[in-house]
Ligand SMILES: [Zn+2]
Ligand SMILES: [Zn+2]
């Protein structure tokens, strides 16, 4: 009620172009929404990497043929470029959390279009170390995963996994350094192993770079006898066809 009065007095502005028109319950206008490019198949059947060729191809990428993967399959909703890149930056670093609902809505459309999370029991996010969370104030993965779980009417748990080691930022590390950097940096909280046993789990995160973070979390879940681990990230910066 209060929010609808506020909207009437101060209609929201599109977060990208600042226009007031075409906005309904969204924070982006339809013109700007159209500029966000959802990823199109073919994808690697394991990690979701963009593959060239016919959209109906079912194949793995070269990395997935040599890496040990613990998650069963991963998808990313958007190509990490253009205005999406700016929006993700604002969401993560400028705490523009009003974007979470918009991102979640678009991610849920993608999830349904691609038959993801069909028999999922619970949604998890990637935890942040308490020191980093104190500094950054928000965990984008938690906000996004919670919003997606709510729209999918699934249970969300932000407490099963814990970041135990405050690892160096991953962005400047090579693929092998990232894997080394993450070893032993997450754990399952005490008495939570039974919660994941035989469960189908969806992990949600903001970005997929090498996949080493989600793979490390999936490894812990599989060690605790999780049945199936799917991953959905908002964006991935691989090659665009
Ligand atoms: Zn706009
Ligand atoms: Zn792959």
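Out of all the residues in segment 162-175, which are touching a strand residue (DSSP E or B) at 6+ places or on another chain (Cβ under 7 Å) and outside any loop (DSSP other than H, G, I, E, B)?
Across segment 162-175, the qualifying residues are 162, 163.
Please work out if residue 107 is in contact (Cβ under 8 Å) with a residue 12 or more places away in the chain, away from ligand 1 (no atom under 16 Å from the Cβ), crowded, with 17+ Cβ neighbours inside 10 Å and assigned to a helix (DSSP H, G or I). Spell out how you get there, then give the answer.
On the way: in contact (Cβ under 8 Å) with a residue 12 or more places away in the chain: yes; away from ligand 1 (no atom under 16 Å from the Cβ): yes; crowded, with 17+ Cβ neighbours inside 10 Å: yes; assigned to a helix (DSSP H, G or I): yes.
When the stated conditions are applied, residue 107 passes them.
Could you tell me whether any residue of segment 83-94 is at pLDDT below 95, out of contact with any helix residue (DSSP H, G or I) (no Cβ under 8 Å at 6 or more places or on another chain) and not in a helix (DSSP H, G or I)?
The answer is yes; a qualifying residue exists.
Take segment 81-91 and flag every residue that is crowded, with 18+ Cβ neighbours inside 10 Å and over 12 Å from the mean Cα position of the chain (by Cα). Spell out the reasoning first.
Filtering segment 81-91 for residues crowded, with 18+ Cβ neighbours inside 10 Å gives 84, 87-88, 91.
If the condition is that a residue be crowded, with 18+ Cβ neighbours inside 10 Å and over 12 Å from the mean Cα position of the chain (by Cα), then 84, 87, 91 are the ones that fit.
Take the residues in segment 40-67 that are assigned to a loop (DSSP other than H, G, I, E, B) and in contact with a helix residue (DSSP H, G or I) (Cβ under 9 Å, 6 or more places away or on another chain); name whichever of them is nearest to residue 176 (Cα to Cα).
Once the filter is applied, the top-ranked residue is 67.
Does residue 214 meet the test of being crowded, with 18+ Cβ neighbours inside 10 Å and closer than 15 Å to residue 127 by Cβ? Give the steps one after another, and end with the answer.
Working: crowded, with 18+ Cβ neighbours inside 10 Å: yes; closer than 15 Å to residue 127 by Cβ: yes.
Spelling it out, residue 214 is indeed crowded, with 18+ Cβ neighbours inside 10 Å and closer than 15 Å to residue 127 by Cβ.
Does residue 203 meet the test of being closer than 26 Å to residue 108 by Cβ and surrounded by 14 or more Cβ atoms within 10 Å (Cβ to Cβ)?
Values: closer than 26 Å to residue 108 by Cβ: yes; surrounded by 14 or more Cβ atoms within 10 Å (Cβ to Cβ): yes.
Yes: the conditions hold for residue 203.
Farther than 17 Å from residue 235 by Cβ and within 16 Å of ligand 2 (Cβ to nearest atom): is that true of residue 66 in this structure?
So residue 66 passes the test.
Can you work out which of the residues in segment 45-57 that are surrounded by 11 or more Cβ atoms within 10 Å (Cβ to Cβ) and over 23 Å from residue 82 (Cα atoms) is nearest to ligand 2 (Cβ to nearest atom)? Before the answer, list the steps.
Applying the first criterion (surrounded by 11 or more Cβ atoms within 10 Å (Cβ to Cβ)) to segment 45-57 yields 45-51, 57.
Now narrow it down to the ones that are over 23 Å from residue 82 (Cα atoms): 45-46, 57.
Numbers: 45: 8, 46: 5, 57: 13 Å.
Looking at the filtered set, the residue picked out is 46.
The values are calculated or read from the model by the stated rules, or taken from the named source; none is laboratory data. Since we're looking at a predicted model, the values are computed, not measured. Using ideal geometry, Cβ is built from the backbone for each residue, glycine included, and neighbour counts are taken over all protein chains shown.
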